[in-house]
Structure formats: structure tokens, C-alpha cells
1. Mind listing which chymotrypsin sites (Phe, Trp or Tyr not before Pro) in segment 243-351 are in a DSSP loop and have 15 or fewer other Cβ atoms within 10 Å?
2. In whole angstrom, how far apart do the alpha carbon centroids of segment 1-66 and segment 298-335 sit?
3. Can you tell me which of 97-104, 239-246, 353-360 comes out highest on packing, and rank the rest after it, using the mean Cβ neighbours within 10 Å?
4. Throw me the Rg/Rh for segment 43-276, computed over C-alpha atoms with Kirkwood Rh, two decimals.
5. Averaging over every viewing direction, what projected area does the convex hull of the Cα atoms of the chain cover, in nm²?
6. What does the highest-first list of 34-41, 119-126 look like by mean Cβ count within 10 Å?
7. Write down the percent of antiparallel bridges among all DSSP beta bridges whose residues are both part of the chain, to the nearest 5.
8. With a cut-off of 8 Å between alpha carbons and a minimum separation of six or more residues, what is the relative contact order of segment 288-412 in percent?
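We did not get these values from a lab; they are worked out from the coordinates using the rules stated. Since this is a predicted model, take the numbers as computed values, not measurements. With ideal geometry, Cβ positions are generated from the backbone for all residues, glycine too; neighbour counts draw on all protein chains shown.
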Amino acid sequence: MAGNSLNSVDPELARLIAAEERRQADTVKLIASENYVSKAVLEATGTVLTNKYSEGYAGKRYYEGQQVIDQIETLAVERAKSLFGVNHANVQPYSGSPANLAIYLAFLNPGDTVLGMGLPFGGHLTHGWSVSATGKWFNAARYGVRKDTGRIDMDEVRELALEHRPKLIFCGGTAIPRTIDFPAFAEIAREVGAVLAADIAHIAGLVAGGAHPSPVGHADVISTTTHKTLRGPRGAMLMATSDEHATALNKAVFPGLQGGPHNHTTAAIAVALHEAAQPDFKAYAAQVVKNAQALADELAGRGFDLVSGGTDNHLILMDLTPKGIGGKPAAKALDRAGLETNYNTVPFDPRKPFDPSGIRIGTPSVTSRGMGEAEMRQIGAWIDEVVTAVAKGDAEDVIARVHQEVSDLTAQFPAPGLS
Ligand SMILES: *Cc1c(COP(=O)(O)O)cnc(C)c1O
């Protein structure tokens, strides 16, 4: 058994993986939180590093045999520090949600107050939303966006901060199409004596590539996933500038929340950070934003109602109410046409989260395939054709035709990492 390939050991599973690979190759992936990792990142993920336990940190482990693992983790940490310009980085969090939990554990006690963006406005579950442990075990206050602009209202954030006196403030989110004003959040956090956490999970690749301002120098701690715009494996990092915050974060991750780090992921994060430090990643980050703006422009011109009127980053959130259809039936029809999106609440959504008014789309994946503004305009036209047809209740022919055209396009732009 030991030397046999997946194909011969478990053909059923091998077939499923091959089917998913084909699906990823043949669809236009517009999910804002996803990307295609390089072959090099995939290769590092599938290595014998998965066999090794290494609780602790480099030089201070609880198991022997760390001669190589210590070097790998140190390489990842040093690359993170240099790419983002921070003094401390922890690359061990298993994913974005546990990374954020570590921030609570580092700075709060149960029952303390956190101020975060509400989930329906674009915040993340872990920023104190009610169904999350962070909303159940902590006292959460929530800010949103202005109804007239669709943008975060910094006056509201300040008023809430003064009223609730949070120990922790989160900025950043999952469906925010506009630049985060880190200096303004930092000023409010200082005024009320709160720790400011910038959660850059969605925009880390844009920050690394210089296409979004950096929270460094403003936020006390920075949390990020590594698998979204940063284009690494599924994982996360925590970063800080001060020694005091870094020590608190390290203790919170291990032994506070986790056991052994996933060393194969750590290695793949190191590879992704190396890739993100290359000049062509800057060009990638800039193109992600240009593509999102071209797509937003095309959609707005076709009568779509974009939250905040457009985008500064990689994502577009749109309210389909004027098109006479909900987000869920639209996303399902688009998926059948080979255009993969997700249905999403929009600010002040009158509908339920499982059947909301909007869809969220993003350009990180299509940009990784080498698509540019011309392809974005074509994709915008397809989205309009499908959504309009579904709203009219007569979409089968349109879905079939668009699916064929999508296949022709994806064949011209092979996705990184796929065979
Ligand atoms: C994706 C995301 C997370 C959580 O990441 P997981 O890896 O899915 O747990 C946390 N915060 C923000 C802002 C995110 O976008």
C-alpha cells in the first residue's frame, strides 16, 4: 500500500478530485474570497511535512526532530515580516476564524466588549456576530454603513466606541467594496483605549501588492487568511508591531487555542509569500482592482445597483432588487451558466440571509488566469443576460448559450495550478 498513488489506492476519491479540478478549470470563478494557488504552493502542501508534530515555536518545541521544521517556520515568519513590514508574525493559525479567536483570547476576557462591523453590512462572523462564539461569549456592539452612501460611517463608529467603550475594535470584512480607513479607526481606538485589529483576510494580497493602503503603523494587530487575494494555501497569520502584542498573540495561538501547527501549510505559506514578494505580484494586485472596476462599470451601465456605487478593491456587491430577482435564484442560474458567484445580503436587506437580495462577485481568480478588462466586460454582459432571462422566467436557452461561450473563454485562459 505504502508506495501506491491515490489513483490506485482510492480510485473513487481520485475521480472526485479530478472532477473538481475539471469544474474549476471550466468555470469562471467570481467568488471574491477564492483564488487559484500556483503549482509550487500545491506541491508544498502535499508533502511529508504533514507527518511532523511541532507544538511550540522555533527553538522552543515540545517534540524532538525539529531541525528542518524550525527552518521552514522561520522562513515563513521572516518572509511575512518582510512582505508586510511588521516586526512580528505568527503563521500557525489554522485558518482565519481561529486567528481571530486568538485575538480575543490575547486581549479580552469573556463578557468584555468588542466593536465590529455587523455581518449583514459586510463584517465577518468572528467580529462579534450573534451566532458566533465571539458574539455569544463577548458583549458585541456593531457598526454598519450609511444608507445613502453604502460606506462605513466613521462618525457612527466613534459614537458607538464612546458609548460602549470596547476593549477591541475590528475593522475589515468580507463584503466591503471600498478602501478601509485604517488611520481613522486607529484614532478612534486610541481615544477609547481599545486594541485595534485590522482583519485583512480579503485584501491581504492587495495590501502586499500595494493596491490597498496598509494597516501597518495604524492597527495594533493584523489578522489575515492566506488563501484569498494573497493566493496561498488555506491558512492564516497574525501580525503585530509591538513586542507586547506579539507575545500575547503567540501565547493565545499556542498553547491558548491550538496544538501542533500544520507544517505542510506553513511551508506552502512560505512559498506564497515568496511569490507575493516578486514584482509580477504587484502587477497582479493592480490588475485585480482594474478588472473589478471594469466589471463594475459594465454592470452599472447595464442597470445593476452596486452597493456604494462601485469598488476600490477586488469585489463588487450588488442588490438585484431592481432586476426583479433575489440573489439566490440569480446565483444558481449563473452557476449553471458556468459563472460562479455567491448570494449575499446587502446593507439594510429586507430579505433573509439564506435568501438575500444580492450577489457578491470578485476578480482575484479570473485575474490569476490572466484575464483583463476586455474579458471583464464580456463577463458583465453574460451576468446581465442570464440574470435578465431568469427574472423573466425564460432562461434555459440563454444559460446553455452562455455556458458554451464561458467554456470557450476558460479554454483560452488556463488556471494556475490545474493540469
Ligand atoms: C474569510 C474571512 C475570515 C475567516 O477565514 P476562514 O479561513 O474561513 O476561517 C475572517 N475574516 C474575514 C474578514 C474573512 O474574509
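1. Counting only loop positions with at most 15 other Cβ atoms within 10 Å, the chymotrypsin sites (Phe, Trp or Tyr not before Pro) in segment 243-351 are 348.
2. For segment 1-66 versus segment 298-335, the Cα centre distance is 34 Å.
3. So the order, starting with the most tightly packed, is 97-104, 353-360, 239-246.
4. Values: Rg = 17.3 Å, Rh = 17.8 Å.
Checking Rg against Rh, the ratio lands at 0.97.
5. Over every viewing direction, the Cα hull of the chain projects on average to 20.7 nm².
6. The densest-packed peptide leads the list: 119-126, 34-41.
7. On the way: 21 of 37 bridges.
If I count the DSSP bridges inside the chain, around 55 percent turn out antiparallel.
8. 29
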